[in-house]
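A.B. asks: I am attaching a structure below and will ask some questions about it afterwards.
The values are calculated or read from the model by the stated rules, or taken from the named source; none is laboratory data. What you see is a predicted model; the values in this text were computed from it and never measured. Note that we place each Cβ from the backbone using ideal geometry, even for glycine, and neighbour counts take in every protein chain shown. Remember, those area values only see protein heavy atoms, side chains included, never the ligands or the DNA or RNA. Shrake-Rupley method; radii C 1.70, N 1.55, O 1.52, S 1.80 Å.
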Amino acid sequence: MTHIQKNKKNRQLFFTYSILTNLCQVFLTFRPFSATIPSQEANIKSSFMADSAPKSQFPGMEEEVLQFWQTNQIFEQSITKDAPHGDYVFYDGPPFATGTPHYGHLVGSIIKDVVPRFWTMKGYRVERKWGWDCHGLPIENIIEKDLGFKTKQDIVSYGVDKFNAACRERVLEYAEDWQKTITRLGRWADMTSPYRTMDLPYMESVWSVFKKLYDQGLIYEGYRSMYVCPRCETTLSQSEVSEGYRDIKDLSAIAKFELADDPGTFVLAWTTTPWTLIANVALAVGADIDYVTVELATERFVLAKSRVADLFKDQAITIINELKGSELVGKKYQPVFDYYAQDQALKNHASGWQILAADFVTTEDGTGVVHIAPAFGEDDLNLGKAYELPFIQHLGMDGIIKSEAGDFAGLSVKPIDDHSSTDVAIIKYLAGKKLLFSKAKYEHSYPHCWRCDTPLINYATGSWFVKVTDLKPTALAAAETINWSPAHIKDGRFGQWLTGARDWSISRQRFWASCLPIWKCGSCSKFQVFGSIAELEEASGLKITDLHKDTLDPIELSCSCGGQMKRIPDVLDCWFESGSMPYAQLHYPFENQEKFNQTFPAKFIAEGQDQTRTWFYYLHIIASGLMQKAAFQNVIVNGIVLAEDGKKMSKKLKNYPDPNEILDHYGADALRLYLLASPVMQAENLSFSAKGVEESLRKNIMLLWNIYKFYEPYATELRDECPAEHVLDKWIISLSHQLVNEVTEAMLAYDLPSAVRPITKFIDDFSTWYLRRSRDRFKGAGADKDQALAVTSHTLRTLALVLAPFAPFIAETLWHKLLGHNFAQGSTSVHLQAWPSAGDIDTQVIEDMKLVRQIVELGLAARDKAGIKIRQTLASAQIHNRQLAADYLELIKDELNVLSLTCAGSAGDLSVTLDTVLTPELELLGAERELVRAVNGLRKSAGLTIADRITVYYQSSSDLFARFDAQVITELAEQTLSQSWQAGELAEPSLASTELNLLNQTISLKIIKV
Ligand SMILES: [Zn+2]
Ligand SMILES: [Zn+2]
């Protein structure tokens, strides 16, 4: 008799589990949650989502939470509530609103939401002021395209005032879309009073930053060789240039420079930019490099000795002499182009077209001789200055060759559509003049405009610079104080960039931006730099209400010398503006001085890894100059979100799902948890997969929700007392405390994946072990039932708190359900609660339970090997070489479906053996379970719920049912929610039917609803 009782317990357990498993499987399509959810079912589909993924109930539940937050101003409350630890300062990097947010923005936004929510719960006030980047090429280029402009001159002709007005009007075009997506994502941010880089107070603070740096001697005007974009006609900074490198095919040429005093002898020089040959004024050799003169047919060539084999391969040459580079120095040669050489008035004409020594010459490639054009390269410009060479700049910043260069006038040197066309023309010309030694295709990494994609040209021009090289010691020391996540960025990408940083070119020859606050006297060349509107008003006697170029340029001032002062017409690099946000967002120092002192530096910032060389860097440089310390203390750097195939996400290729579609379909929590657990949180790339989001939904949100739904019918009252006597209770409580510790530690280290992953693991343990093994206790009565309920409720509440920063919606729903608030007006939010502190952890229980689960795994594997299904009860199992207390053995017995369990030995390898002999009694027990499973399968396929009752009709080819006693038939009915089990044929059509083979008999089963 004892074994019957045992098995009755097992059977009950089996029943509840299988019903629940079935519930899990149908959960996506069935929504008992709320009548207010809009009924939008499985219709939204895109090729990125599995057909089996109808829209879940969770997005609708999230909308309800959003409504609650909004109605009850929960975000505002989180700022105004008591903050015992004071401010936790967050700076938001401003995005451009010239397009809708993409996944990169979502990743950033999730990080910027999780961290502030955590610190709010830790007792800090975390203000989250939004910002918009408004100025610069991104918006200018859009307006240029709109107006059909081809060149910069088109803008000037149109009118800078009208052009700027058009930029202003369009720059926040997508701000509303942003607000929608950011809100839907669950990110809390104050978007009602954002800082905007185009607003007067912001621009005035930028001037103040400029002036402070200028007064310290950290800003100067220089004439440099710089990369410029010929289409945008402006200089670019080092970081802008570094963004646009791409491999392209060019033509390289080796030109022949005939020695003036030795006709028929040519010095060979190699160039990858043949268009610069027009501006050639010298050749450079290495003083200590060995050169030779070789004879081939009637001509002689001078080149580095080590390059001869490469350049002359199998040709019949004679080496006629060897010499050091120093012996070539001073020799004159015939210019290959004479457009400028024939102009005797050209400054420094006499020193042109000679051979010089330079230490940058190598013999790695080319000829060991470098062609020098001072207007088009840094080394060239320096050499030109050192030797007072003529300076030939045969093109404007627009890349168009000037009229002086007769044959080539009007050609663009690097046109975007055919970047080597001018090089081809030059090479043809040289060949015609017999001055071309050879040409070759050449593939190299070449910089392009980060905005308009035009190949850049290296061009000597005047520009204003921040003296980063002077600031570097301060900047490097300040950088030591910054905590990076991932840590390798500190000395890697960021540290290296900072170490190699050069002076920052901050002037741009553009229109829609903050302006250089510098006026220059036309007579005495004196500068006047302004750091505020008041200063300019005083100097001009005008009322100043705008600081854009079109307003400022007409303002002329009188100089103390009697001359007129005009503004330097350049505008500022937009990074100078976004790098000034700590000061400018508060209109500091004109307002908010105390507030600024409290909010500098930021505790935390977060952006994508592309910002390492831009926003992070410029924030740091400006703060190093202004404050002599870092602008931020902790920074999380995220990686790039790629399409599922690992390629760049491309609007044109449509190779990724619309973020709004994902939010609509799976909900924000699922997307958040998917991204948070991924390597994209640690500056690595992620190939985005909708299936990954779906999996995250299943593994986290659905599993958790099913735990709650199981508990819900029992949740009659709130239980604060949480005594733990049952070993399962002790285990889950210790585990939840361990979880709190792990998540807290990871958050303190700004390691988000390490904070999120243990939560997923915990939900799994909670569901698949604690709840599964506790179900009998829920069905029971008395103290043990109360304890199981109290522990479940307590654990769910802990989980809601721990989940709150990461999955703010399900955490809120859970919190309200558990506390019985149900989003009532004025009720409290999980996000206003204190972060939980971990209680005691019984590590012994955790270890023992780990062993229990290991033993169960071994037992199940042994069953599998013997080919005996888990539903077939077995007589016994033995554990070898481990001892466990009786509580634990009970768990294992239930789980392995054995009638008895023994332990033998305590040392040596752990193993589990089973008694696989099947007695007729055991076989009958097994058959019963198969029948229960089959009928519950029919219920599921018929779409029945727990509320539906059925009648089962069975037919058997022999005596199986006759062998069951009446008690078993009653049990079968109980476990399948049946009114009765009846033998015989069913007259009416069945709801569902099946046939199965049990104990070598064919059983047919049909069900109808009653
Ligand atoms: Zn450009
Ligand atoms: Zn003057």
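A.B. asks: Looking at ASP215, ASP250, which one is more than 16 Å from ligand 1 (Cβ to nearest atom) and either touching a Gly at 6+ places or on another chain (Cβ under 8 Å) or open to solvent by 20 Å² or more (accessible area, probe 1.4 Å) (or both)?
C.D. replies: ASP215
A.B. asks: Test GLU233 against the stated conditions and say whether it is within 16 Å of ligand 1 (Cβ to nearest atom) and on the phi < 0 side of the Ramachandran plot.
C.D. replies: No: the conditions fail for GLU233.
A.B. asks: A follow-up question, please. Find the residue count for region 924-962, including only residues that are within 19 Å of GLU995 (Cβ to Cβ), out of contact with any helix residue (DSSP H, G or I) (no Cβ under 8 Å at 6 or more places or on another chain) and of a type in the set (D, E, K, R).
C.D. replies: Total meeting the criteria: 2.
A.B. asks: For region 515-606, list the helices (runs of 4 or more DSSP H) that sit wholly inside it and hold at least 2 residues that are open to solvent by less than 20 Å² (accessible area, probe 1.4 Å) and within 16 Å of ligand 1 (Cβ to nearest atom); which are they?
C.D. replies: Per the criteria, no element qualifies.
A.B. asks: ALA800 is checked against (1) free of Cβ contacts under 8 Å to residues at least 60 places away in the same chain; (2) crowded, with 19+ Cβ neighbours inside 10 Å; (3) more than 18 Å from LYS122 (Cβ to Cβ) and fails just one. What number does that condition carry?
C.D. replies: Among (1) free of Cβ contacts under 8 Å to residues at least 60 places away in the same chain; (2) crowded, with 19+ Cβ neighbours inside 10 Å; (3) more than 18 Å from LYS122 (Cβ to Cβ), the lone unmet condition for ALA800 is (3).
A.B. asks: Restricting the search to region 285-297, which residues are in a loop (DSSP other than H, G, I, E, B) and either of a type in the set (Phe, Trp, Tyr) or touching a residue at least 24 places away in the same chain (Cβ under 8 Å) (or both)?
C.D. replies: Passing the criteria: GLY286, ALA287, ASP288, ILE289.
A.B. asks: Further, regarding this structure: May I ask you to say which residue of ASP359, ASP407 is within 30 Å of LYS305 (Cα to Cα), open to solvent by 50 Å² or more (accessible area, probe 1.4 Å) and of a type outside the set (S, T, N, Q)?
C.D. replies: The conditions single out ASP359.
A.B. asks: I'm checking my understanding of the structure. Among residues of region 748-777 that are over 20 Å from LEU697 (Cα atoms) and part of a helix (DSSP H, G or I), which one is most open to solvent (accessible area, probe 1.4 Å)?
C.D. replies: Only one residue tops the list, namely LEU748.
A.B. asks: Okay, next question. Residues in region 384-404 that are open to solvent by less than 20 Å² (accessible area, probe 1.4 Å) and touching a helix residue (DSSP H, G or I) at 6+ places or on another chain (Cβ under 7 Å): how many?
C.D. replies: Number of matching residues: 6.
A.B. asks: Give me the pairs: first residue in region 434-461 and acidic (Asp, Glu), second residue within 13 Å of ligand 1 (Cβ to nearest atom) and open to solvent by 50 Å² or more (accessible area, probe 1.4 Å), beta-carbon distance under 9 Å, and six or more apart or on different chains, which are they?
C.D. replies: ASP453/ARG231; ASP453/ILE416
Each row is one residue, and each column tells you yes or no for (1) of a type outside the set (D, E, K, R); (2) touching a residue at least 60 places away in the same chain (Cβ under 8 Å); (3) more than 30 Å from GLU127 (Cα to Cα); (4) open to solvent by 20 Å² or more (accessible area, probe 1.4 Å).
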position: GLU169; (1), (2), (3), (4): no, no, no, yes
position: GLN179; (1), (2), (3), (4): yes, no, no, yes
position: TYR202; (1), (2), (3), (4): yes, yes, no, no
position: ILE219; (1), (2), (3), (4): yes, yes, yes, no
position: MET226; (1), (2), (3), (4): yes, yes, yes, no
position: PRO230; (1), (2), (3), (4): yes, yes, yes, no
position: ARG246; (1), (2), (3), (4): no, yes, yes, yes
position: VAL267; (1), (2), (3), (4): yes, yes, yes, no
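A.B. asks: Which residues, taken from region 451-467, are surrounded by fewer than 19 Cβ atoms within 10 Å (Cβ to Cβ) and either farther than 30 Å from GLY217 by Cβ or of a type in the set (Phe, Trp, Tyr) (or both)?
C.D. replies: Passing the criteria: CYS452, ASP453.
A.B. asks: Would you tally the residues in region 552-602 being more than 16 Å from ligand 2 (Cβ to nearest atom), under 23 Å from SER463 (Cβ atoms) and not aliphatic (A, V, I, L, M)?
C.D. replies: 11
A.B. asks: Could you list, ordered by first residue, the pairs with Cβ atoms under 8 Å in which the first is in region 949-972 and of a type in the set (Lys, Arg) and the second is part of a strand (DSSP E or B) and buried (at least 16 other Cβ atoms within 10 Å of the Cβ), at least 6 apart or interchain?
C.D. replies: From region 949-972, the pairs are ARG949/SER978.
A.B. asks: Can you name every one of the helices (runs of 4 or more DSSP H) wholly within region 87-202 that holds 1 or more residues which are among the aromatic types (Phe, Trp, Tyr)?
C.D. replies: Answer list for region 87-202: 103-121, 152-158, 160-170, 175-184.
A.B. asks: Could you please let me know if TRP731 is in a helix (DSSP H, G or I) and either buried (at least 21 other Cβ atoms within 10 Å of the Cβ) or acidic (Asp, Glu) (or both)?
C.D. replies: Yes; evaluated as a whole, the condition is true for this residue.
A.B. asks: Let me ask another. Looking only at residues in region 327-356 that are small (Gly, Ala, Ser) and farther than 16 Å from GLU258 by Cα, which one is surrounded by the most Cβ atoms within 10 Å (Cβ to Cβ)?
C.D. replies: SER351
A.B. asks: Okay, moving on. Mind telling me which of the residues THR461, THR469, THR481 ends up being assigned to a loop (DSSP other than H, G, I, E, B), away from ligand 2 (no atom under 16 Å from the Cβ) and among the polar types (S, T, N, Q)?
C.D. replies: Unique residue meeting the criteria: THR481.
A.B. asks: For THR474, work out the one condition from (1) over 30 Å from ALA623 (Cα atoms); (2) β-branched (Val, Ile, Thr); (3) out of contact with any strand residue (DSSP E or B) (no Cβ under 8 Å at 6 or more places or on another chain) it doesn't fulfil.
C.D. replies: Condition not satisfied by THR474: (1).
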